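One structure is given below, represented as structure tokens, and several questions about it will come after.
The values are calculated or read from the model by the stated rules, or taken from the named source; none is laboratory data. Computed from a prediction, not measured in an experiment: that's the story for all the values here. Using ideal geometry, Cβ is built from the backbone for each residue, glycine included, and neighbour counts are taken over all protein chains shown.
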Amino acid sequence: MFKMITFDLDWTLAPSKWQMDNEMAELFKDLLAKYKVWVISGWDYPQFQKQIIPFLWTEEKLLQNLYICPTCSTKMYMFENWEWNKKYSLDFTQEEKNHIIDVLNKAINELNLKPNQIWWELIEDRSTQISYSALWQEAPLEFKKTYDPDFKKRKKIREFILDDLKWFNILLWWASTIDITRIWVDKAYGIKKLVEVSWIWLNEILFVWDAIFEGWNDYPPLEIGVTCKRVFNVEDTKEYIRSLL
């Protein structure tokens, strides 16, 4: 029997960069009354503050069942004394950040992969993670979907930077992003940290994701033996949550 349900954020609980809708919020509150729940994303904590946290205001004892892990589990937040508290943060040093950014810029320039149209900076410092978003994270969704649908561009970048960043973890994510964290730190790492703080075993955790493919940042939990349930969109997630209640 599962005691913890884990979710990706984008396209599982809400469309990318969109707020959780009212129906999902109510289902989520019901889920918190029955299970511990973990939400993870490559986005940083401020994105959680926009997409889900304001819509889950409920009893303190229920919010204490919710664990939030931004930036591919390089950070964890828990609800204590009526506020969200950071439990850990695996921050890069400034030297590490500079090195990663320099290597990424070199790859983009030498491979001639800088997009013709961008909306802001291509590389974002998320303190515990450096993220390359080819069109920037706020680019219109229709442009993101068509930029690199077969991953060929990002696979070229990954191959180019592997030697220079061999002590870091390089993960591909959805439409146009590459996430770089400390080595061995990924979503499987986050689940192991959850086991430490919640005393729930791996075989009691269910992982609900929209895209579990080898090489993606969603794949590592499958590799450590966590049961995975694939959903195809937000409405599919709602239906599956109903089946768990």
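Kindly provide the set of residues from the range 203-245 that are more than 22 Å from Pro15 (Cα to Cα), modelled with pLDDT of 90 or more, in contact with a helix residue (DSSP H, G or I) (Cβ under 8 Å, 6 or more places away or on another chain) and surrounded by 12 or more Cβ atoms within 10 Å (Cβ to Cβ), ordered by number.
Ile205, Val226, Thr227
Just one of Ile200, Ile180 is touching a strand residue (DSSP E or B) at 6+ places or on another chain (Cβ under 8 Å), modelled with pLDDT of 90 or more and in a loop (DSSP other than H, G, I, E, B); which is it?
So the residue among Ile200, Ile180 that is touching a strand residue (DSSP E or B) at 6+ places or on another chain (Cβ under 8 Å), modelled with pLDDT of 90 or more and in a loop (DSSP other than H, G, I, E, B) is Ile200.
Can you name the condition, by its number, that Ile161 falls short on among (1) at positive phi; (2) at pLDDT 95 or above; (3) not polar (S, T, N, Q)?
(1)
Among the helices (runs of 4 or more DSSP H) contained in the range 15-71, which hold 3 or more residues that are over 13 Å from the mean Cα position of the chain (by Cα) and touching a residue at least 40 places away in the same chain (Cβ under 8 Å)?
It comes to 22-32.
Does Ile200 count as buried (at least 21 other Cβ atoms within 10 Å of the Cβ) and over 27 Å from Val103 (Cβ atoms)?
no
With (1) at pLDDT 95 or above; (2) touching a Lys or Arg at 6+ places or on another chain (Cβ under 7 Å) as the list, and Ser73 as the residue in question, which single condition is left unmet?
So the condition that Ser73 fails would be (1).
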